[in-house]
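All remarks here apply to the structure that follows.
The values are calculated or read from the model by the stated rules, or taken from the named source; none is laboratory data. This structure is a prediction, so every number in the text was calculated from the model and none was measured. Backbone-built Cβ (ideal geometry, glycine too); neighbour counts: all protein chains shown. Heads up: the accessible areas ignore ligands, DNA and RNA and are worked out on the full protein's heavy atoms, side chains in. Shrake-Rupley method; radii C 1.70, N 1.55, O 1.52, S 1.80 Å.
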Amino acid sequence: MSMNSYTIVFLLFVLCSGAAAYDALDPNGNITIKWDVISWTPDGYVAVVTMNNFQMYRPITSPGWTLGWTWAKNEVIWSMYGAKATQKGNCSMFRFNLPLSCKRNPAVVDLLPDAPYNHQIANCCKGGVLSSMGKDPSTSLSAFQIIVGAAGTTNKTVKLPKNFTLVAPGGGYTCGPAIIIRPTRFITPDGRRVTQAMMTWRVVCTYSQFLASLRPTCCVSLSSFHNGSITPCPSCSCGCRNSSNCVTKGVQKPVLQCTEHMCPVNVHWHVKSNYNKYWSVKMTITNFNYQVNYTQWTLVVQHPNLNKGTQVSSFLYKPLMPNLSTNDTALFYGRKSYNDVLMQAGPKGNVHSDLTLQKDRKTLALKKGWAFPRRVYFNGNPCVMPSPESYPHLPYSAGTR
């Protein structure tokens, strides 16, 4: 099958699975940005900006997010804590105290974890990396403080910023307009006092696979203990190999390692064993990108047997939709400081884990591809699957390794 054919199949899959604008696996997933004006100044206000990643399995990886907007008037940024503006802009109208940024359309990035303590606030300074909500809610938010000048000084004179943008590795985000909502209430650490923001507005950013890339970014290969052959990723899954987009071993690397599938990431599913009461799988994720480390990576797998007891050796695991009667989707991710970073292509560019599943005799049939996943997503993006007729043949009866 040609690259154009696989691209068409992938686009149809994205449309049918709802990944273009609506994600059936994560219908409420979005990134919400909230501005809380906590005090007024002689020429503006002080606000705390909080960014929450409410996506269940799509993280923001290194080098992190960049948040942009356009001021409604001629506002300036006097100072910031927990983040910084990337450009100063034209501040020639100021003679003495110079603002941090006079750009009409500033771009703001998170500080690194080693930022000076007096430049930090709570939940800042993660290098722009946000985990997904499903993986770890405590690390799925980021915050910074901004002091705005040449702005309104009351609820009626403040003009909301507009044209918000959120740039993250891989792209794909579109932000709606800022909308004034009920002011946020804050409870003091001792729980004995409640304060309230002067005013609050909210911006919601959503992800689209079409905006991110018309080409896939990962593919799936399959194998089984019962069959000596390996079903590889379909040829040209993410693009076709040529001399300008990949390199062979020993030659200077542009971006990707040369493969038949030309995907940055490959997920391999190997059926290890099949016994009376359980069966086991080894999952391996391999990075073929020489320039990218995938921090806070996530892997989502759909399989009808994932609703039964599951043991995982080196990955962490959560049911993605535990409240549904057909809970056949699992979220896998790495253990902190052990395998939560998928290193760039090379000897260390892979992570793997064993998966043991209890058998459901009502649905179990290790034939016609039942032992292999229905869908696989890496970092929220659907991976190209081999065609069902190419799956390794499996027997119905229980066997040995």
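Residue count for the range 131-153 under the criterion of being closer than 26 Å to PRO27 by Cβ and part of a loop (DSSP other than H, G, I, E, B): the result is 7.
Of the residues making up the range 137-173, those that are without any contact (Cβ under 8 Å) to a residue 60 or more places away in the chain and not polar (S, T, N, Q) are PRO137, LYS156, GLY171, GLY172. Inside the range 174-221, can you point out the residues that are touching a residue at least 60 places away in the same chain (Cβ under 8 Å) and among the charged types (D, E, K, R)? Those that are touching a residue at least 60 places away in the same chain (Cβ under 8 Å) and among the charged types (D, E, K, R): ARG202, ARG215. In this structure, ASP23 qualifies as of a type in the set (Asp, Glu) and out of contact with any Pro (no Cβ under 9 Å at 6 or more places or on another chain). The conditions of being under 30 Å from HIS393 (Cβ atoms) and in a loop (DSSP other than H, G, I, E, B) are not met by PRO183. The requirement of being among the basic types (Lys, Arg) and either surrounded by 22 or more Cβ atoms within 10 Å (Cβ to Cβ) or modelled with pLDDT of 95 or more (or both) is not satisfied by LYS73. Are any of the residues in the range 192-207 within 29 Å of the chain's Cα centre (by Cα), assigned to a loop (DSSP other than H, G, I, E, B) and crowded, with 17+ Cβ neighbours inside 10 Å? Checked against the condition, which is being within 29 Å of the chain's Cα centre (by Cα), assigned to a loop (DSSP other than H, G, I, E, B) and crowded, with 17+ Cβ neighbours inside 10 Å, the range 192-207 yields no hits at all.
Within the range 29-39, the set of residues being hydrophobic (A, V, I, L, M, F, W, C) and under 14 Å from GLN196 (Cβ atoms) comprises VAL37, ILE38.
Name every residue in the range 160-191 that is among the basic types (Lys, Arg) and exposed (fewer than 12 other Cβ atoms within 10 Å of the Cβ), in order of residue number. Answer for the range 160-191, where residues must be among the basic types (Lys, Arg) and exposed (fewer than 12 other Cβ atoms within 10 Å of the Cβ): ARG182, ARG185. Filter the range 307-340 for residues that are under 18 Å from PRO59 (Cα atoms), open to solvent by 50 Å² or more (accessible area, probe 1.4 Å) and among the aliphatic types (A, V, I, L, M) and give the result. Once the filter is applied, which keeps residues that are under 18 Å from PRO59 (Cα atoms), open to solvent by 50 Å² or more (accessible area, probe 1.4 Å) and among the aliphatic types (A, V, I, L, M), the range 307-340 yields only LEU316. Can you name every residue in the range 212-233 that is polar (S, T, N, Q) and surrounded by fewer than 18 Cβ atoms within 10 Å (Cβ to Cβ)? Correct list: SER213, ASN227, SER229. Within the range 219-242, the residues that satisfy the criterion of being in a strand (DSSP E or B) and not polar (S, T, N, Q) are CYS219, VAL220, LEU222, GLY228, ILE230. Is it the case that some residue within the range 77-87 is farther than 25 Å from ASP114 by Cβ and open to solvent by less than 30 Å² (accessible area, probe 1.4 Å)? No, there is no match, as no residue in the range 77-87 is farther than 25 Å from ASP114 by Cβ and open to solvent by less than 30 Å² (accessible area, probe 1.4 Å). PHE144 fulfils the conditions (1) over 21 Å from GLY44 (Cβ atoms); (2) open to solvent by less than 30 Å² (accessible area, probe 1.4 Å) except for a single criterion, (1).
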